[in-house]
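The next block holds one structure in the form of structure tokens; read it before the comments.
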Amino acid sequence: MPEPTLCCRVRGGYCDRCDVLVGLPGLHVIAVEQHGDDRLVVTVESAPEPMGCRSCGVIARGHGRVEVRLVDAPAFGRPVRIIWRKRRWLCLEPACGVGSFVEQDDAVATPRGLLTARACRWAIEQIRREHASVNGVRRQLGTGWRTVWESIRPLLQAAADDVSRFEGVAILGVDEHVWHHVSTKPIEDGGRGPKELTGMVDLTRDAGGRTRARGRVRWSV
């Protein structure tokens with residue numbers, strides 16, 4: 001009779017239920033810890049398997065793992081850190097100039113990224129849909145303002161450069177605001193002054209004659 005509480009059903013001794021709960025494709029959960037009062041730390045890794053050199057294709061030799069720490073989206077009301085035990089390989093082909101290389105997966109995080117890909121998506125949705133500030137997002141993630149902004153800025157810039165966002169737009173609404181920041185220093189000494197924000201909203205009516213007020217782009221100066 002199978003044990004009803006048994007959950008480790010993935011080849012290699014990994015737990016399929018933990019893998020589903022954490023939801024990082026291709027990676028398996030090997031540890032979950034709580035640091036401090038509320039921070040979750042989840043350690044993940046990919047299963048050992050043959051890997052060809054990214055340059056020449058020759059089967060590479062495993063050379064241990066390197067741990068990379070990432071900020072992930074909050075879970076169960078708590079900030080989360082992912083420790084990704086990336087595999088490292090050595091290319092044995094003498095004519096290949098790669099030498100060694102480390103596991104990469106842009107679906108999990110970009111090379112040298114500080115946030116996971118889904119944490120970046122989550123942060124942008126919080127700003128776009130929930131009107132959160134970068135400071136509010138970084139509090140929920142339990143990290144610094146610059147860490148969040150430097151991670152999502154390239155994605156926001158790519159979205160702003162995508163001209164396809166204007167497809168099907170017949171009526172465009174424009175609104176402008178001036179933000180008055182409270183600063184402890186004069187502007188001439190590096191303090192923050194007023195900032196102008198321009199927002200554009202798609203007011204095109206649908207087949208039923210209703211507007212959806214879809215945001216298209218905004219920028220500040």
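The values are calculated or read from the model by the stated rules, or taken from the named source; none is laboratory data. Quick caveat: nothing in here was measured; it's all calculated off a predicted structure. With ideal geometry, Cβ positions are generated from the backbone for all residues, glycine too; neighbour counts draw on all protein chains shown. Side chains included, ligands, DNA and RNA excluded: accessible areas come from the protein's heavy atoms. Shrake-Rupley method; radii C 1.70, N 1.55, O 1.52, S 1.80 Å.
Things worth noting here:
- Against the test of being farther than 29 Å from Cys56 by Cα, out of contact with any strand residue (DSSP E or B) (no Cβ under 9 Å at 6 or more places or on another chain) and not small (Gly, Ala, Ser), the options Ile127, Ile83 yield a single qualifying residue, Ile127.
- Selected residue (only one of Thr184, Thr143 is open to solvent by less than 60 Å² (accessible area, probe 1.4 Å), β-branched (Val, Ile, Thr) and part of a loop (DSSP other than H, G, I, E, B)): Thr143
- Within segment 192-211, being out of contact with any His (no Cβ under 8 Å at 6 or more places or on another chain) and surrounded by fewer than 13 Cβ atoms within 10 Å (Cβ to Cβ) holds for Arg205, Asp206, Ala207, Gly208, Gly209, Arg210.
- Scanning segment 29-61 for residues that are among the hydrophobic types (A, V, I, L, M, F, W, C) and in a loop (DSSP other than H, G, I, E, B), we see that the one that is farthest from Phe101 (Cα to Cα) is Ala47.
- Residue selection: Val58 satisfies the criterion of being among the hydrophobic types (A, V, I, L, M, F, W, C) and touching a Cys at 6+ places or on another chain (Cβ under 8 Å).
- Sub-8 Å Cβ pairs linking a first residue in segment 57-86 that is within 12 Å of Gly142 (Cβ to Cβ) and β-branched (Val, Ile, Thr) to a second residue that is part of a loop (DSSP other than H, G, I, E, B) and open to solvent by less than 20 Å² (accessible area, probe 1.4 Å), at least 6 apart or interchain, are Val71/Thr116, ordered by first then second residue.
- Flag set for Arg128, criterion: surrounded by 13 or more Cβ atoms within 10 Å (Cβ to Cβ), under 30 Å from Arg69 (Cα atoms) and among the charged types (D, E, K, R).
- Residue within segment 99-122 that is open to solvent by less than 60 Å² (accessible area, probe 1.4 Å) and more than 26 Å from Pro154 (Cα to Cα) present: yes
- Pair list, Cβ under 9 Å, 6 or more apart: segment 160-176 residue open to solvent by less than 80 Å² (accessible area, probe 1.4 Å), other residue part of a helix (DSSP H, G or I): Arg165/Ala159; Leu172/Phe166
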